[in-house]
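Contents: one structure, followed by commentary.
The values are calculated or read from the model by the stated rules, or taken from the named source; none is laboratory data. What you see is a predicted model, and the numbers here were worked out from it, not measured in a lab. Counting neighbours? That spans all protein chains shown, and the Cβs are built from the backbone with ideal geometry, glycine included.
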Amino acid sequence: MGGQAAGYAAADAVQALPLVSTFWGVLLFGEYRRSSRRTYTLLAGMLSMFIVAVGVLMASSGHRKS
């Protein structure tokens, strides 16, 4: 229903909210401070895959038929 009301690209962009909150947590609130290198590597991998997934969802919305 959200895709029909606001458009599929806008509805898919809402899925990026956890990505934004993770950046806020790391940059503003100092989460993961003094963590191991492995933790930072896993966090960077998670964020990268999330960015790719949201991008693919937004790109695929142009191919849907309404």
- Task: Search segment 22-34 for residues that are within 14 Å of Met46 (Cα to Cα) and pair each with any residue that is assigned to a loop (DSSP other than H, G, I, E, B) and not β-branched (Val, Ile, Thr) when their beta-carbon atoms are under 8 Å apart and the residues are at least 6 apart or on different chains.
- Result: Val26/Tyr32
- Per the filter on segment 27-57, residues part of a helix (DSSP H, G or I) and not hydrophobic (A, V, I, L, M, F, W, C) are Arg37, Arg38, Thr39, Tyr40, Thr41, Gly45, Ser48, Gly55
- Spot the failing condition for Thr41; the list is (1) loosely packed, with under 12 Cβ neighbours inside 10 Å; (2) at pLDDT below 75, and only one is missed. (2)
- Task: Under 6 Å between Cβ atoms, at least 6 apart or on separate chains: pull out the pairs that start in segment 40-66 with a residue that is over 16 Å from Val20 (Cβ atoms) and end on any residue that is at pLDDT below 75.
- Result: Ser61/Tyr8; Ser61/Ala9; Ser61/Asp12; Arg64/Tyr8
